[in-house]
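Asker: One structure, pasted below without further comment.
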Amino acid sequence: MQNINSGIHHLTVGGATVTALNDLVFEAGTGVVAGLPAEEADAILRGNFRRLPARITVSAFLITLGGQHILVDSGVGANMGGGQVRPRLARLGIDSNAIRTILITHAHVDHVSGLVDEHGGAYFPEAQIVLHEAEAGYWLDEAREAAAPEAVKGAFATARTALAPYRNRLKLVKDGQEAVPGLRARHFPGHTPGHSGWLLDQGSDALLIWGDIVHLPGLQFRQPKAGMLFDTDVEQARATRARVFDMAAADKLRVCGMHLDFPTFGHVVKAGEGYQFVPEVWMPTA
Ligand SMILES: [Zn+2]
């Protein structure tokens, strides 16, 4: 029996509306877990009533602020069997020409492939792409791509292809820099060198779109040590995850992320040796 869900969920944050757009859910398997024995990872997932092999949810976000539509990441596009970000934007009545700014957390396939159409052209012809300078510096470095191990070469090609039609309208930022008023980059390196969250600060209300701090919520809140084999630097990603969990819990900062369970909004609280994710309670309106 198919569960019918629109895959579209709105949340009000101050004067902004943030819309989670589910792109797809795919089977990842526990082979992707780094820094934790597979049996231990499976046991935690099973204890949290998760299906095995593990699934990874992918979402992107639309921020409507000051009359502008800002996309945060773009989903898989036509890769990985195709994603749902585009049809969901269409369902909201938002034409790809209406997106003028796209904030990127990092240049992996499930975040940037939606930037291009099937011919490699810009799917968002009017958009400027904003990403951390270290992310562009890493993936667009031809010498580094040539020297990369075979297993990683595909990731370089994906990033290069997705960013190619936007090369003359990339805006590169550093940690703390604003992309648009009220939205600033937070550099969370490790998963990739320039991996960044985007902090929407609306004064009395805020939301941290933390990118890929977590890939498997059924595992990594309970055991933050668990990383992903596709982290560029597993150790640095682990240290960053610890720092971001700590900050979100201490500051009671609302978060969301591309791989949290849809619709992904919630809070992080300390729980024993690890953490727990407390999902935002569903409301009929944003
Ligand atoms: Zn990802």
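Readers should treat all values here as calculations from the given coordinates under stated rules, not as data from a laboratory. Owing to the predicted nature of the structure, the values given are computational and were not obtained by experimental measurement. Reconstructed Cβ throughout: ideal geometry from the backbone, glycine too, with neighbour counts over all protein chains shown.
Asker: Based on other C-beta atoms within 10 Å, arrange Val269, Val281, Val33 from fewest to most.
Answerer: Working: Val269 14, Val281 7, Val33 25.
With the fewest neighbours first, Val269, Val281, Val33 line up as Val281, Val269, Val33.
Asker: Let me ask another. For segment 168-206 and segment 1-28, what is the separation of their C-alpha centers, rounded to whole Å?
Answerer: Distance between centres, Cα-based: 21 Å.
Asker: I'd like to compare 130-137, 244-251: which one has the highest average count of other Cβ atoms within 10 Å, and what's the full order after that? Before the final figure, lay out each step's value.
Answerer: Working: 130-137: 22.0, 244-251: 16.9.
Output ranking for 130-137, 244-251: 130-137, 244-251.
Asker: Mind putting a number on the dipole of segment 19-92 about its Cα centre? Charges go on the C-beta only, +1 for Lys and Arg and -1 for Asp and Glu, and I need it in Debye to the nearest 20. Intermediate results must be reported in sequence, preceding the final value.
Answerer: Details: 7 positive and 6 negative charges, 72 e Å.
The dipole of segment 19-92 has a size of about 340 debye.
Asker: So, in nm, how far is label Glu178 from label Asp117 when the simple model puts each one 7 Å beyond its Cα toward the Cβ?
Answerer: Taking the simple label geometry, Glu178 and Asp117 are separated by 3.4 nm.
Asker: Of Leu71, Leu229, how do they rank once you tally other Cβ atoms within 10 Å and put the fewest first? Let's see the in-between values first.
Answerer: Values: Leu71 27, Leu229 11.
Neighbour counts put them in this order, fewest first: Leu229, Leu71.
Asker: Hey, another quick one. Residue by residue, what Karplus-based ³J(HN,Hα) values in Hz, rounded to whole numbers, does segment 43-48 have, using 6.51, -1.76 and 1.60 with θ = phi - 60° and x for Gly and Pro?
Answerer: For segment 43-48, the Karplus curve yields 5, 5, 4, 4, x, 9 Hz.
Asker: Moving on. With springs connecting C-alpha atoms under 10 Å apart, model the chain as a Gaussian network and identify which of Thr105, Thr12, Thr192 has the largest mean-square fluctuation.
Answerer: For the chain, modelled as a Gaussian network with Cα springs under 10 Å, the answer is Thr12.
Asker: I would also like to ask the following. Using the 10 angstrom Cβ neighbour count as an exposure proxy, how do His10, His191 rank, fewest first? Let's see the in-between values first.
Answerer: On the way: His10 15, His191 26.
Ascending Cβ contact count within 10 Å gives the list His10, His191.
Asker: Enumerate the aspartates and glutamates that Lys171 could reach by cross-link, defined here as Cα to Cα under 12 Å, with residues fewer than 8 away along the same chain left out.
Answerer: Glu133, Glu135
Asker: What lysines sit close enough to Lys174 to cross-link, taking a C-alpha to C-alpha distance under 28 Å and skipping anything fewer than 8 places away on the same chain?
Answerer: Filter leaves Lys153, Lys225, Lys252.
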